[in-house]
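Right, one structure below, let's go through it.
Quick note: the coordinates plus some simple rules give every number you see, no bench work behind them. On a predicted model such as this, the values are computed, not experimentally measured, just so you know. We place every Cβ from the backbone using ideal geometry, glycine too, and count neighbours over all the protein chains shown.
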Amino acid sequence: MIDVKNKAMIYRICLPVVLVIFLLPSPCLSMPEYANQTGKPCVACHVDPSGGARLTTGGEEFKDTLRVKGLYRPMTSAQRIIRLIVGYLHMLTAIVWFGAIFYVHILLKPVYASRGLPRGELWIGISSIIIMAVTGTFLTIARVPSLKAMYTTRFGILLSIKIALFLIMVVSAIFVIFVIGPMLRRDLKKGPGERKDTYTPEELSSFDGTEGRAAYVGYSGNVYDVSNSKLWKNGSHARKHQAGADMTELLKTAPHSDEVLKRMPIAGKLTMSATTPNMPVYMKVFYFLAYMNLAMVFLIVFVISLWRWL
């Protein structure tokens, strides 16, 4: 039977692979502007009926027309190789970043991140934003010869939309990291005098002992603080049980009595009530931004699909 850690590893491996399959561009060396303007097939410009490779006389003339209008920029072989390398890095970074977003927001759910932004995913996001901004700027300069092309050509319009969506994601990420993040960490590191009286199972799951968080476990209606116990290092007990859960049923099969747990300080009561306290405003904002970024990923992939395959 596959345990949770192995499942997480499988998801981490499979998601990027799936994204690679969906994001790989199809080979395309033609100029779509000509087809849009004239309705002529690829053979009107290319020697090969399927497009690409050498141009016909008419194709060369149309390319020269685009160059004069500032809609085409010729490149040397060395420049094309550099653009290929930068484009590959740009695409690879996007796959890693989008894969992390899918993994956290779909498989683990935002409640996982609401326990405090995970350091691994946080650094992936920050480094991805920087790399994508730098490589994206380079690719835009190399591909778009004039500002006019950004709003007069199909390629430029779709690229402008993609850039706008990316900037929205960057702004929301900065807000979460520097405004929402400290609020989440503050709530998860409350001292004994600031503890709550009751915890719902969902609230209890936030105190799993990882990433510097307190380690709480539930038992027979009480919530025990095992943060300072050597038996619960980093919130893990015997490498089988993780803090943040109700241990009432599991203790029935344990090789020791419940007195071991009852010696721990009580952090509060565990309630199974369906009613939950009002969610703080900053938490509502966090959930909204989390799902908004997920929607942005789908929109960016959709724009790329329009760009490459429509």
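So how far apart, in nm, are the two label points at MET75 and ILE163 if each is 7 Å from Cα heading toward Cβ?
Result: 1.6 nm between the two label points.
If I take R0 = 30 Å and measure r between the Cβ atoms of ILE174 and TYR151 in this structure, what FRET efficiency does the formula 1/(1 + (r/R0)^6) give, to the nearest 0.05?
E between ILE174 and TYR151, to the nearest 0.05, is 0.65.
How many lysine pairs in the range 201-270, separated by 8 or more positions in sequence or lying on different chains, have Cα atoms less than 21 Å apart?
Pairs that pass both the separation and distance tests number 7.
Given Cα pairs under 8 Å that are at least 6 residues apart, what percent is the relative contact order of the range 201-270?
Result for the range 201-270 is 37 percent.
May I ask you to evaluate 6.51 cos²θ - 1.76 cosθ + 1.60, the Karplus curve with θ = phi - 60°, for each residue of the range 96-103 and list the ³J(HN,Hα) values in order in whole Hz, giving x for glycine and proline?
Calculated HN-Hα couplings, in order: 5, 5, 5, x, 5, 5, 4, 4 Hz.
Could you tell me which of rounded, prolate or oblate describes the range 201-270, using a ≥ b ≥ c as the square roots of the eigenvalues of the alpha-carbon gyration tensor, with rounded for a/c under 1.5 and, failing that, prolate when a/b is larger than b/c and oblate otherwise?
rounded
Got a sec to turn the phi values of the range 121-129 into Karplus ³J(HN,Hα) couplings, 6.51 cos²θ - 1.76 cosθ + 1.60 with θ = phi - 60°, whole Hz, x for Gly and Pro?
Rounded to whole hertz, the list is 5, 5, 5, 4, x, 5, 5, 5, 4.
Sort MET247, MET283 so the one with the fewest other Cβ atoms within 10 Å of its own Cβ comes first.
With the fewest neighbours first, MET247, MET283 line up as MET283, MET247.
For LEU139, LEU84, what ranking results if the residue with the fewest other Cβ atoms within 10 Å of its Cβ goes first?
Going from sparsest to densest Cβ surroundings: LEU84, LEU139.
Taking H placed 1.01 Å from N in the peptide plane, check which residues at least 5 places from SER220 or on another chain put their amide H under 5 Å from its amide H.
THR248
In nm, to one decimal, how far is the modelled label at LEU84 from the one at ARG263, with both set 7 Å along Cα→Cβ?
6.7 nm
Amide H neighbours of THR271 under 5 Å, counting only residues 5+ apart in sequence or on other chains, H built in-plane at 1.01 Å?
The list, which skips near neighbours in sequence, is TYR199, THR200.
Can you put LYS230, LYS148 in order of Cβ neighbours within 10 angstrom, beginning with the fewest?
LYS230, LYS148
In nm, what is the difference between 0.36 nm times the number of residues separating GLU61 and ARG239 and their Cα-Cα distance?
The span from GLU61 to ARG239 would gain 57.1 nm if fully extended.
At a Förster radius of 22 Å, what calculated FRET efficiency corresponds to the Cβ-Cβ distance of THR200 and GLU249, to the nearest 0.05?
Here the calculated transfer efficiency is 0.80.
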